[in-house]
Amino acid sequence: MTLREFRSQLEKIERRLPSPISWPFLCRGSPLKCRIFIVGTNPGAKVEKPFWSFWTDSRGFKRAEFIRELTQLDGGLKQTRKTVENLVDAAGQKVTLDTNVYSCWSPRAKYLTAEEKKTDVFEYLLHSIRPRIVLAHGDEAKQFFRKRGITLMGDRVRPINLDGLKIELLSRRHLSYQTSFAEARKIGRALAKALKRCD
């Protein structure tokens, strides 16, 4: 699959969603090269510029530019975003993609309607990119896997089979809850180490 084909298919999925999304994922460069997924609940900040204005079909996503845009919002980067950025730096910017089970923006997940709680974008990312390692953080992200018959094992990385997709899964509390930057870096290093074992 080319980056252009990836983007075209994802845009089609986005158009079927009930409300605009702030972003379907964040990564540095090509999402197709990402082997680690960080999965939360839904985007909690709304960027005015269209997501695809940070994209080129030749190189992929411009993460640094997007993060700069987030810093311009009222209040700057939220705590969860800062924590995720620390984790991604430790895991490896070029191999890590962060996304959410729900793609529609809301300041809090509890404000999402039943119609907005669609997982189409996340499922497309899973099955088109086929990551080796997934960190599911927060109740909604963990529930996605539970609903598919996956038994979660707390803070341990464990192999799972999700519709024929073999993944090493780590589940934990949401990264916004009392996760220090040092702990985030430790988690990131553990994910990078797990990825080396898979290769």
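From the list Thr56, Thr41, which one is within 14 Å of the chain's Cα centre (by Cα) and hydroxyl-bearing (Ser, Thr, Tyr)?
Answer to the check: Thr41.
Thr151: out of contact with any Gly (no Cβ under 6 Å at 6 or more places or on another chain), assigned to a loop (DSSP other than H, G, I, E, B), among the β-branched types (Val, Ile, Thr) and farther than 23 Å from Leu17 by Cα, yes or no?
Criteria met by Thr151.
All but one of (1) assigned to a loop (DSSP other than H, G, I, E, B); (2) farther than 17 Å from Leu10 by Cα; (3) of a type outside the set (A, V, I, L, M, F, W, C) hold for Asp89; which doesn't?
Looking at each condition in turn, Asp89 falls short on (1).
Looking at the stretch 146-159, I want the residues that are more than 18 Å from Arg132 (Cα to Cα) and have a partner that is at pLDDT below 85 and aliphatic (A, V, I, L, M) with Cβ atoms under 7 Å, at least 6 apart or on another chain. Which pairs are those?
Correct list of pairs: Arg146/Leu152.
Step by step: first the residues of the stretch 142-153, then only those that are more than 19 Å from the chain's Cα centre (by Cα) and of a type outside the set (Val, Ile, Thr), then the one that is surrounded by the fewest Cβ atoms within 10 Å (Cβ to Cβ). Which residue is that?
That would be Gly149.
If His127 meets every condition in (1) surrounded by 14 or more Cβ atoms within 10 Å (Cβ to Cβ); (2) in a helix (DSSP H, G or I) apart from one, which number is that one?
Failed condition: (1).
Regarding the stretch 130-141, can at least one residue be identified that is over 26 Å from Lys46 (Cα atoms), surrounded by 12 or more Cβ atoms within 10 Å (Cβ to Cβ), touching a residue at least 12 places away in the same chain (Cβ under 8 Å) and charged (D, E, K, R)?
Yes, that holds for at least one residue.
In the stretch 4-37, what count of residues is obtained for those that are touching a Pro at 6+ places or on another chain (Cβ under 8 Å) and not in a loop (DSSP other than H, G, I, E, B)?
7
Does Lys166 count as over 14 Å from Ile38 (Cα atoms), at pLDDT 90 or above and assigned to a strand (DSSP E or B)?
yes
The values are calculated or read from the model by the stated rules, or taken from the named source; none is laboratory data. A quick note: this is a predicted structure, and the numbers were derived from the prediction, not measured. Glycine gets a Cβ as well: all are built from the backbone with ideal geometry, and neighbour counts include every protein chain shown.
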